[in-house]
1. Using heavy-atom solvent-accessible surface (probe 1.4 Å) with all chains present, what is the largest-first order of 206, 12, 197?
2. Starting from the 7 Å offset along Cα-to-Cβ, what nm value, one decimal, do you get for the label separation of residue 12 and residue 164?
3. What number do you get for the chain when its Cα radius of gyration is normalised by 2.2 N^0.38 Å, N = residues?
4. Which pairs, out of 29/255; 184/250; 29/250, put more than 30 Å between their alpha-carbon atoms?
5. Which whole-number percentage describes the relative contact order of the chain, with Cα contacts under 8 Å and a sequence gap of 6 or more?
6. Mind checking the per residue accessible area of the stretch 111-202 for me, 1.4 Å probe, whole number of Å²?
7. Please identify the DSSP H helices in the chain that span no less than 20 Å along the helix axis (Cα) and have a mean Kyte-Doolittle hydropathy of -0.5 or more.
8. Treat every Asp and Glu Cβ in the chain as -1 and every Lys and Arg Cβ as +1, leave all other atoms uncharged, and give the resulting dipole magnitude about the Cα centre to the nearest 20 debye.
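The values are calculated or read from the model by the stated rules, or taken from the named source; none is laboratory data. Just so we're clear, the structure is a prediction, and the values are computed from it rather than from any experiment. Glycine gets a Cβ as well: all are built from the backbone with ideal geometry, and neighbour counts include every protein chain shown. The accessibility values were calculated without ligands, DNA or RNA, using every heavy atom of the protein model including side chains. Shrake-Rupley method; radii C 1.70, N 1.55, O 1.52, S 1.80 Å.
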Amino acid sequence: MSPDDFYQAVQTALPHGATDREQILADLKDILDLGVSPDDLGDPVVYALSASASETAEKKAPRYSRVWDPMNPALFVPRVVGLGWDLNLGAVAVKLGWLRPDDMDEDVIEAIPERALALTKALPAAGAIITVIASAVALSRSSGQLPSGWDYRFRPRKPTSNASALLPGLLLSGGAAAWAGLAKERHDALSRSVFATSLSFVGAGTAILAARSARLGNRSQPVTGFTSLLLGPLALSLVTGLLPVREGLKQVWQKEGLSR
């Protein structure tokens, strides 16, 4: 079936009075324009029913779930906290060819092995542990003050007390890890862990920069800063979402005797 035929079939299957009908069709067009094969999207009637249900569920879904939403082709979504935009890591995984938009269904979530889910849940806590260790190193090197922040070149700003410099990162990492641990359902645990991993490792990044600044003084740290505050948290959050879903897919394929 060609992309145009698939689009027309979905358009016909969607009730004209359905809520968000136009949004579903616009999202489908974006997905097809990205080069996703209609064969990967399944039966158009089933897709129409599933997309309609997903749109309804998305309105009830927590805000943080939008940072890991492979079904949404948009790379940037409204921020979970505050104004601006967050990166939809689920869309990143789809655009990189690591997932299909419909891979993260309930069967896949339920099939995720406990070891993979446990690792996903552990990553925010790992970020908090790294934050504590790096903060301890920063304290051991400090003469009583540490940078209050860093500029766009990751050069230290004016000094402040050790507590003022380190406490925000410790609270961010520890709070993110504790919040991620509150999840009870598998789907929520996955979404929380993706978002919490990013926050937790941003906290770790600030502590690492503080520890290095205590040793390097006013020298800029562009590589360390970019890696620890930007690239690292995003990459680890992507792994947090991708790893368990891929493991769940493998279990489903093995059960059905399929290969990808």
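1. Working: 206 45, 12 115, 197 0 Å².
I get 12, 206, 197, largest accessible area first.
2. About 6.9 nm, to one decimal.
3. 1.18
4. Details: 29/255 32 Å; 184/250 23 Å; 29/250 28 Å.
Over 30 Å apart, Cα to Cα: 29/255.
5. Relative CO of the chain lands at 20 percent.
6. Per-residue accessible area for the stretch 111-202 comes out at 50 Å².
7. On the way: long enough: 44-60 (24 Å, -0.08); 114-141 (40 Å, 1.14); 162-180 (27 Å, 1.11); 186-216 (43 Å, 0.50); 232-256 (36 Å, 0.16).
Membrane-span-like by this criterion, though nothing is claimed about a membrane: 44-60, 114-141, 162-180, 186-216, 232-256.
8. About 2100 debye.
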